[in-house]
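Below is one structure, written out as structure tokens, with a few remarks after it.
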Amino acid sequence: MKLHGYFRSSASYRVRIALNLKGLTVEHLPHHLRKGEQCAPAYLAINPQGLVPTLESDAGAILTQSLAIIEWLDEANPEPPLLPKDSLQRAKVRAFAQAIACDTHPVQNLKVLARLRQLGLSEDKVTEWAAWANREGLSACETLAAGEAGPFCFGSVPTLADLCLVPQLANARRFGVDVTAFPRLLKAEAAAKAMKAFADAAPDKQVDAEQ
Ligand SMILES: N[C@@H](CCC(=O)N[C@@H](CS)C(=O)NCC(=O)O)C(=O)O
């Protein structure tokens, strides 16, 4: 398999964690987002949104959207499961993951911030916007996980929720968010980061990582 990604891309980071948890190896094909490589015609031909990640299966199928990719990997490689067996817990895990992937990450994404700059917002205001988006989303997630058994977001093993949480906390820190406001999320993050699958997926461990 081939994974088109970028070391600092949190959506790619989610998929890297899933691959590592499943013990799957892929060829990593980096696209430098700040240089606009995601908009090259050859890449748009496989991902018309011009976003990473994209996964190419061994059979040549092209998959986009990190959550769809992760669910496909989970179905094709059921161990260890990334979603709980209980249908209510499964819905809660998906809700948490979507709170990050559908409602938080997209409004602080590179192209949204670039558009805000084009519309005249100063760099300070752009960062303020991104920090606000992260604070809002993570604060809701703190409440969603508050009553759940730990140490992970939803119980004693990592789920799709943790795959979304860890990369988003990295984004939040980059935008200067005080993440100590989210103790339940930090507990889950600490448990996750102690696992090699999460540690090896970190941005600074990737072939295209910049110093
Ligand atoms: N919902 C998509 C989001 C993908 C996405 O926004 N990726 C970012 C990097 S984390 C990207 O490619 N940004 C390029 C840009 O904004 O131009 C997913 O989960 O895969």
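Every read-out reported here was derived from the displayed coordinates using simple, explicitly stated rules and does not represent laboratory data. Since the model is a prediction, treat every value here as computed from it, not as a measurement. Here the Cβ positions follow ideal geometry from the backbone for every residue, glycine too, while neighbour counts run over all protein chains shown.
Give me the net charge of P80's neighbourhood, meaning all other residues with Cβ under 10 Å from the Cβ of P80; Lys, Arg count +1, Asp, Glu -1.
Numbers: positive: K22; negative: D74, E79.
Overall, the nearby charge balance is -1.
Charges on Cβ only, +1 for Lys and Arg, -1 for Asp and Glu, centred on the Cα centroid of the stretch 61-158; of T127, A146, T104, which one is farthest towards the dipole's positive end?
The listed residue farthest towards the positive side: T127.
Round to the nearest 0.05 the FRET efficiency obtained for T180 and A91 when R0 = 30 Å and r is the Cβ-Cβ distance.
Details: r = 29 Å, r/R0 = 0.98.
So the FRET efficiency works out to roughly 0.55.
Would you calculate a helix-derived [θ] at 222 nm for the chain, using -39,500 (n - 2.57) for each DSSP H run of n ≥ 4 and dividing by the full residue count, to the nearest 500? Intermediate values should be presented prior to the final figure.
Numbers: 9 runs with 106 residues, N = 211.
Per the formula, -15500 deg cm²/dmol.
How many lysine pairs does the chain hold where the Cα atoms are under 27 Å apart and the two sit 8 or more places apart or on different chains?
Qualifying lysine pairs in the chain: 27.
About the Cα centre of the stretch 87-197, how large is the charge dipole given +1 on each Lys and Arg Cβ and -1 on each Asp and Glu Cβ? Please answer in debye to the nearest 20. Before the final figure, lay out each step's value.
Numbers: 14 positive and 10 negative charges, 63 e Å.
For the stretch 87-197, the charge dipole is close to 300 debye.
Hey, can you rank 98-104, 189-195, 112-118 by average C-beta count inside 10 Å, highest first? Can you show the working numbers first?
Numbers: 98-104: 19.4, 189-195: 16.4, 112-118: 13.6.
Descending mean neighbour count gives 98-104, 189-195, 112-118.
Given R₀ = 25 Å, what would the calculated FRET efficiency be for R34 paired with Q98, taking r from the Cβ atoms and rounding to 0.05?
Numbers: r = 27 Å, r/R0 = 1.08.
Once the sixth-power term is evaluated, E becomes 0.40.
Only bridges with both residues in the chain count here: give the DSSP antiparallel percent, nearest 5. Display every interim value, and only then the final one.
Working: 7 of 11 bridges.
Antiparallel: roughly 65 percent of the beta bridges in the chain.
Give me the net charge of T180's neighbourhood, meaning all other residues with Cβ under 13 Å from the Cβ of T180; Lys, Arg count +1, Asp, Glu -1.
Working: positive: R135, R173, R184, K187; negative: E142, D178, E189.
Local charge sum for T180: +1.
Please arrange I70, I62 by how many other C-beta atoms lie within 10 Å of their C-beta, fewest to most. Kindly include the intermediate steps, with their values, before the conclusion.
Numbers: I70 27, I62 13.
So the ranking, lowest neighbour count to highest, is I62, I70.
Looking at the square roots a ≥ b ≥ c of the eigenvalues of the Cα gyration tensor of the chain, which shape do they give, rounded for a/c under 1.5, prolate if a/b is larger than b/c, or oblate? Write out the running numbers ahead of the final one.
Details: a/c = 1.72, a/b = 1.07, b/c = 1.61.
It comes out oblate by the Cα gyration axes.
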